[in-house]
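Data block below; observations after.
The values are calculated or read from the model by the stated rules, or taken from the named source; none is laboratory data. Note that the structure is a prediction, hence the values are computed from the model and not measured. Note: ideal-geometry Cβ built from the backbone for every residue, glycine included; neighbour counts use all protein chains shown. We work out accessible area using only protein heavy atoms, side chains counted, and drop any ligands, DNA or RNA first. Shrake-Rupley method; radii C 1.70, N 1.55, O 1.52, S 1.80 Å.
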Amino acid sequence: MRKAGLLLGGCVRSWKSVRMASSGVARRDLLANKVALVTASTDGIGLAIARRLAQDGAHVVVSSRKQQNVDRAVAALQGEGLSVTGTVCHVGKAEDRERLVTTAVKRYGGIDILVSNAAVNPFFGNLMDVTEEVWDKILGINVKAMALMTKAVVPEMEKRGGGSVVIVASIAAYTPFPGLGPYNVSKTALLGLGKNLAMELAQSNIRVNCLAPGIIKTNFSQVLWMDEAREESLKEMLRIKRLGVPEDCAGIVSFLCSEDASYITGETVTVAGGAPSRL
(Lines give C-alpha, C1' and ligand atoms only; values in the text may rest on other atoms or scores of the structure.)
Protein backbone atom coordinates (compact mmCIF):
# COMPACT_ATOMS: atom_id res chain seq x y z
CA MET A 1 0.00 0.00 0.00
CA ARG A 2 2.85 2.38 0.87
CA LYS A 3 4.48 1.77 -2.54
CA ALA A 4 1.17 2.32 -4.27
CA GLY A 5 0.70 5.58 -2.37
CA LEU A 6 4.17 6.81 -3.30
CA LEU A 7 3.56 5.90 -6.94
CA LEU A 8 0.20 7.69 -6.97
CA GLY A 9 1.74 10.73 -5.31
CA GLY A 10 4.46 10.84 -7.95
CA CYS A 11 1.90 10.63 -10.74
CA VAL A 12 -0.12 13.46 -9.23
CA ARG A 13 2.98 15.66 -8.93
CA SER A 14 3.99 14.89 -12.51
CA TRP A 15 0.51 15.69 -13.80
CA LYS A 16 0.49 18.99 -11.90
CA SER A 17 3.86 19.87 -13.46
CA VAL A 18 2.52 19.14 -16.94
CA ARG A 19 -0.57 21.26 -16.32
CA MET A 20 1.50 24.14 -14.96
CA ALA A 21 3.94 24.04 -17.86
CA SER A 22 1.20 23.88 -20.48
CA SER A 23 -0.59 26.83 -18.93
CA GLY A 24 2.60 28.90 -18.68
CA VAL A 25 2.49 29.04 -14.86
CA ALA A 26 5.92 27.42 -14.49
CA ARG A 27 7.47 28.71 -17.71
CA ARG A 28 11.23 28.10 -17.92
CA ASP A 29 13.69 30.10 -19.96
CA LEU A 30 14.56 27.10 -22.11
CA LEU A 31 16.82 29.18 -24.33
CA ALA A 32 18.31 31.63 -21.84
CA ASN A 33 21.14 33.65 -23.43
CA LYS A 34 21.10 31.62 -26.64
CA VAL A 35 21.47 33.59 -29.88
CA ALA A 36 19.05 32.71 -32.68
CA LEU A 37 18.81 33.69 -36.35
CA VAL A 38 15.41 33.29 -37.98
CA THR A 39 15.09 33.90 -41.71
CA ALA A 40 11.89 35.26 -43.25
CA SER A 41 10.73 36.18 -39.76
CA THR A 42 8.74 39.40 -40.08
CA ASP A 43 5.38 37.73 -40.73
CA GLY A 44 3.52 34.45 -40.38
CA ILE A 45 5.29 31.35 -39.10
CA GLY A 46 8.71 33.02 -39.01
CA LEU A 47 7.50 35.88 -36.83
CA ALA A 48 5.71 33.51 -34.45
CA ILE A 49 8.90 31.45 -34.11
CA ALA A 50 11.04 34.54 -33.49
CA ARG A 51 8.63 35.73 -30.80
CA ARG A 52 8.55 32.35 -29.03
CA LEU A 53 12.34 31.92 -29.06
CA ALA A 54 12.70 35.38 -27.53
CA GLN A 55 9.97 34.66 -24.98
CA ASP A 56 11.92 31.55 -24.00
CA GLY A 57 15.04 33.61 -23.30
CA ALA A 58 16.93 33.80 -26.60
CA HIS A 59 18.41 36.89 -28.22
CA VAL A 60 16.85 36.83 -31.69
CA VAL A 61 17.90 38.36 -35.00
CA VAL A 62 14.93 38.64 -37.35
CA SER A 63 15.30 39.17 -41.08
CA SER A 64 13.37 39.83 -44.27
CA ARG A 65 14.02 41.09 -47.77
CA LYS A 66 12.49 44.50 -47.03
CA GLN A 67 13.80 46.98 -44.47
CA GLN A 68 10.33 48.30 -43.57
CA ASN A 69 9.19 44.79 -42.66
CA VAL A 70 12.26 44.27 -40.48
CA ASP A 71 11.71 47.61 -38.74
CA ARG A 72 8.06 46.81 -38.06
CA ALA A 73 8.76 43.35 -36.63
CA VAL A 74 11.66 44.55 -34.46
CA ALA A 75 9.57 47.41 -33.07
CA ALA A 76 6.67 45.08 -32.27
CA LEU A 77 8.82 42.47 -30.52
CA GLN A 78 10.92 44.99 -28.63
CA GLY A 79 7.65 46.60 -27.55
CA GLU A 80 6.83 43.28 -25.87
CA GLY A 81 10.06 43.51 -23.89
CA LEU A 82 11.90 40.92 -25.97
CA SER A 83 15.61 40.90 -26.89
CA VAL A 84 15.41 41.29 -30.65
CA THR A 85 17.31 43.01 -33.42
CA GLY A 86 17.04 42.66 -37.17
CA THR A 87 18.59 43.13 -40.58
CA VAL A 88 17.67 42.82 -44.23
CA CYS A 89 18.51 39.39 -45.64
CA HIS A 90 17.67 37.93 -49.02
CA VAL A 91 18.84 34.36 -48.38
CA GLY A 92 19.66 33.90 -52.07
CA LYS A 93 22.41 36.54 -51.84
CA ALA A 94 25.77 35.62 -50.31
CA GLU A 95 26.40 39.15 -49.04
CA ASP A 96 23.05 39.19 -47.24
CA ARG A 97 23.70 35.83 -45.57
CA GLU A 98 27.08 37.11 -44.44
CA ARG A 99 25.52 40.30 -43.07
CA LEU A 100 22.96 38.30 -41.08
CA VAL A 101 25.71 36.25 -39.45
CA THR A 102 27.84 39.32 -38.80
CA THR A 103 24.91 41.16 -37.21
CA ALA A 104 24.36 38.35 -34.71
CA VAL A 105 28.03 38.00 -33.83
CA LYS A 106 28.62 41.73 -33.39
CA ARG A 107 25.43 42.30 -31.40
CA TYR A 108 25.27 39.16 -29.26
CA GLY A 109 28.70 37.53 -29.48
CA GLY A 110 27.91 34.34 -31.42
CA ILE A 111 25.23 32.05 -32.84
CA ASP A 112 23.57 29.03 -31.22
CA ILE A 113 20.40 28.58 -33.28
CA LEU A 114 19.40 28.88 -36.93
CA VAL A 115 15.79 28.59 -38.06
CA SER A 116 15.67 28.53 -41.87
CA ASN A 117 12.18 29.57 -42.84
CA ALA A 118 12.61 31.48 -46.12
CA ALA A 119 10.76 30.11 -49.15
CA VAL A 120 9.20 31.25 -52.40
CA ASN A 121 6.47 29.92 -54.64
CA PRO A 122 6.00 31.97 -57.82
CA PHE A 123 4.02 29.28 -59.64
CA PHE A 124 0.58 27.68 -59.57
CA GLY A 125 -0.40 25.20 -62.27
CA ASN A 126 0.61 21.94 -63.93
CA LEU A 127 4.10 20.58 -63.40
CA MET A 128 4.64 20.21 -67.15
CA ASP A 129 4.14 23.96 -67.56
CA VAL A 130 6.93 24.95 -65.18
CA THR A 131 9.73 26.90 -66.87
CA GLU A 132 13.43 26.42 -66.23
CA GLU A 133 13.57 29.87 -64.63
CA VAL A 134 10.87 28.93 -62.13
CA TRP A 135 12.66 25.68 -61.25
CA ASP A 136 15.89 27.60 -60.71
CA LYS A 137 14.23 30.19 -58.48
CA ILE A 138 12.31 27.75 -56.29
CA LEU A 139 15.13 25.26 -55.84
CA GLY A 140 17.66 28.08 -55.46
CA ILE A 141 15.83 29.79 -52.60
CA ASN A 142 14.00 26.90 -50.98
CA VAL A 143 16.84 24.35 -51.02
CA LYS A 144 20.25 25.70 -52.06
CA ALA A 145 20.00 28.85 -49.94
CA MET A 146 18.99 26.73 -46.93
CA ALA A 147 22.19 24.69 -47.30
CA LEU A 148 24.35 27.78 -47.77
CA MET A 149 22.76 29.56 -44.82
CA THR A 150 23.63 26.58 -42.64
CA LYS A 151 27.17 26.59 -44.01
CA ALA A 152 27.48 30.24 -43.02
CA VAL A 153 26.53 29.69 -39.37
CA VAL A 154 28.35 26.42 -38.67
CA PRO A 155 31.76 28.03 -37.91
CA GLU A 156 30.12 30.32 -35.34
CA MET A 157 28.22 27.42 -33.76
CA GLU A 158 31.43 25.41 -33.53
CA LYS A 159 33.04 28.26 -31.57
CA ARG A 160 30.20 27.90 -29.03
CA GLY A 161 30.62 24.14 -28.78
CA GLY A 162 27.54 23.25 -30.83
CA GLY A 163 24.13 24.46 -31.84
CA SER A 164 20.76 23.65 -33.36
CA VAL A 165 19.38 24.11 -36.86
CA VAL A 166 15.69 23.83 -37.69
CA ILE A 167 14.68 23.74 -41.35
CA VAL A 168 11.07 24.67 -42.07
CA ALA A 169 9.80 22.21 -44.67
CA SER A 170 6.09 21.42 -45.21
CA ILE A 171 3.47 18.68 -45.11
CA ALA A 172 3.71 19.07 -48.90
CA ALA A 173 6.94 17.08 -48.63
CA TYR A 174 4.74 14.04 -47.92
CA THR A 175 1.41 14.86 -49.56
CA PRO A 176 1.79 17.25 -52.52
CA PHE A 177 -0.49 20.26 -52.78
CA PRO A 178 -2.28 20.36 -56.16
CA GLY A 179 -0.86 23.01 -58.48
CA LEU A 180 2.31 23.56 -56.43
CA GLY A 181 4.58 20.94 -58.00
CA PRO A 182 7.99 22.66 -57.80
CA TYR A 183 7.27 23.90 -54.27
CA ASN A 184 6.28 20.38 -53.19
CA VAL A 185 9.49 18.96 -54.66
CA SER A 186 11.61 21.58 -52.90
CA LYS A 187 10.06 20.74 -49.55
CA THR A 188 10.66 17.01 -50.03
CA ALA A 189 14.28 17.83 -50.83
CA LEU A 190 14.58 19.67 -47.50
CA LEU A 191 13.87 16.46 -45.59
CA GLY A 192 16.87 14.91 -47.32
CA LEU A 193 18.95 18.01 -46.67
CA GLY A 194 18.10 17.86 -42.98
CA LYS A 195 19.10 14.20 -42.66
CA ASN A 196 22.40 14.73 -44.49
CA LEU A 197 23.30 17.81 -42.45
CA ALA A 198 22.40 16.01 -39.23
CA MET A 199 24.75 13.16 -40.11
CA GLU A 200 27.66 15.41 -41.07
CA LEU A 201 27.33 18.01 -38.32
CA ALA A 202 26.84 15.63 -35.40
CA GLN A 203 30.61 15.56 -34.88
CA SER A 204 30.43 19.32 -34.19
CA ASN A 205 27.59 18.84 -31.68
CA ILE A 206 25.19 20.59 -34.06
CA ARG A 207 21.72 19.06 -34.28
CA VAL A 208 19.59 19.48 -37.41
CA ASN A 209 15.86 18.81 -37.54
CA CYS A 210 12.98 19.73 -39.82
CA LEU A 211 9.55 21.16 -39.11
CA ALA A 212 6.77 20.19 -41.50
CA PRO A 213 3.79 22.51 -41.01
CA GLY A 214 0.44 21.64 -42.48
CA ILE A 215 -1.89 24.31 -43.81
CA ILE A 216 -1.17 27.25 -41.55
CA LYS A 217 -3.25 30.39 -42.07
CA THR A 218 -0.74 32.95 -43.30
CA ASN A 219 -0.52 35.36 -46.21
CA PHE A 220 1.89 32.95 -47.92
CA SER A 221 -0.59 30.05 -47.87
CA GLN A 222 -3.81 31.92 -48.57
CA VAL A 223 -4.14 30.53 -52.11
CA LEU A 224 -4.99 27.21 -50.45
CA TRP A 225 -7.75 28.48 -48.14
CA MET A 226 -8.78 31.87 -49.55
CA ASP A 227 -12.48 31.05 -49.98
CA GLU A 228 -14.79 29.63 -47.32
CA ALA A 229 -15.79 26.53 -49.26
CA ARG A 230 -12.17 25.55 -49.83
CA GLU A 231 -11.31 26.11 -46.17
CA GLU A 232 -14.21 23.93 -45.02
CA SER A 233 -13.13 21.20 -47.43
CA LEU A 234 -9.62 21.28 -46.03
CA LYS A 235 -10.87 21.06 -42.46
CA GLU A 236 -12.80 17.89 -43.29
CA MET A 237 -9.54 16.20 -44.31
CA LEU A 238 -7.97 16.81 -40.89
CA ARG A 239 -8.37 14.90 -37.63
CA ILE A 240 -8.23 18.22 -35.80
CA LYS A 241 -10.99 20.10 -37.59
CA ARG A 242 -9.29 23.47 -38.00
CA LEU A 243 -6.49 25.01 -39.96
CA GLY A 244 -3.32 25.82 -38.09
CA VAL A 245 -2.08 29.21 -36.93
CA PRO A 246 1.60 30.27 -36.79
CA GLU A 247 1.77 29.85 -33.03
CA ASP A 248 1.07 26.13 -33.47
CA CYS A 249 4.58 25.82 -34.93
CA ALA A 250 6.49 28.11 -32.61
CA GLY A 251 6.62 26.01 -29.43
CA ILE A 252 7.82 22.94 -31.32
CA VAL A 253 10.74 24.89 -32.76
CA SER A 254 11.68 26.24 -29.34
CA PHE A 255 11.67 22.70 -27.98
CA LEU A 256 13.84 21.40 -30.83
CA CYS A 257 16.37 24.16 -30.13
CA SER A 258 16.46 23.48 -26.38
CA GLU A 259 18.39 21.02 -24.22
CA ASP A 260 15.17 19.08 -23.80
CA ALA A 261 15.74 17.89 -27.40
CA SER A 262 19.47 17.22 -26.96
CA TYR A 263 19.09 13.61 -28.19
CA ILE A 264 17.00 14.46 -31.27
CA THR A 265 18.60 15.06 -34.67
CA GLY A 266 17.83 14.17 -38.27
CA GLU A 267 14.10 14.08 -37.55
CA THR A 268 11.04 15.82 -38.99
CA VAL A 269 8.22 16.96 -36.71
CA THR A 270 4.90 17.35 -38.50
CA VAL A 271 2.49 19.99 -37.22
CA ALA A 272 -0.50 19.43 -39.45
CA GLY A 273 -3.67 18.66 -37.53
CA GLY A 274 -3.35 14.92 -38.15
CA ALA A 275 -2.86 15.09 -41.92
CA PRO A 276 -1.04 12.02 -43.38
CA SER A 277 2.73 12.44 -43.22
CA ARG A 278 4.52 9.47 -44.69
CA LEU A 279 6.53 9.25 -47.87
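What is the residue count in segment 28-51 for residues that are under 21 Å from R160 (Cβ atoms) and either modelled with pLDDT under 95 or of a type outside the set (G, A, S) (or both)?
Count: 11.
So, in segment 68-104, exactly how many residues are in contact with a helix residue (DSSP H, G or I) (Cβ under 6 Å, 6 or more places away or on another chain) and in contact (Cβ under 8 Å) with a residue 40 or more places away in the chain?
The total comes to 6.
Residues checked against (1) over 22 Å from I216 (Cβ atoms); (2) open to solvent by less than 40 Å² (accessible area, probe 1.4 Å):
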site: G92; (1), (2): yes, no
site: E95; (1), (2): yes, no
site: R107; (1), (2): yes, no
site: N117; (1), (2): no, yes
site: F124; (1), (2): no, no
site: L148; (1), (2): yes, no
site: K151; (1), (2): yes, no
site: V154; (1), (2): yes, yes
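Filter segment 178-211 for residues that are part of a strand (DSSP E or B) and modelled with pLDDT of 95 or more and give the result.
Answer for segment 178-211, where residues must be part of a strand (DSSP E or B) and modelled with pLDDT of 95 or more: I206, R207, V208, N209, C210, L211.
Residue-wise test of (1) in contact with a strand residue (DSSP E or B) (Cβ under 6 Å, 6 or more places away or on another chain); (2) modelled with pLDDT of 95 or more; (3) more than 25 Å from G194 (Cα to Cα); (4) not in a loop (DSSP other than H, G, I, E, B).
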position	(1), (2), (3), (4)
R72	no, yes, yes, yes
A75	no, yes, yes, yes
G81	no, yes, yes, no
G86	yes, yes, yes, yes
G92	no, yes, no, no
T102	no, yes, no, yes
K106	no, yes, yes, yes
I111	yes, yes, no, no
L114	yes, yes, no, yes
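For residues that are out of contact with any Gly (no Cβ under 8 Å at 6 or more places or on another chain) and in a helix (DSSP H, G or I), tally how many sit in segment 155-177.
Qualifying residue count for the region: 4.
If you check every pair at least six apart or on different chains, which have Cβ atoms under 6 Å apart with a residue in segment 178-201 that is surrounded by fewer than 22 Cβ atoms within 10 Å (Cβ to Cβ) first and a residue that is charged (D, E, K, R) second?
No pair meets every condition.
Give me a count of the residues in segment 105-144 that are in contact (Cβ under 8 Å) with a residue 60 or more places away in the chain, more than 21 Å from the chain's Cα centre (by Cα) and within 23 Å of G44 (Cβ to Cβ).
Number of matching residues: 2.
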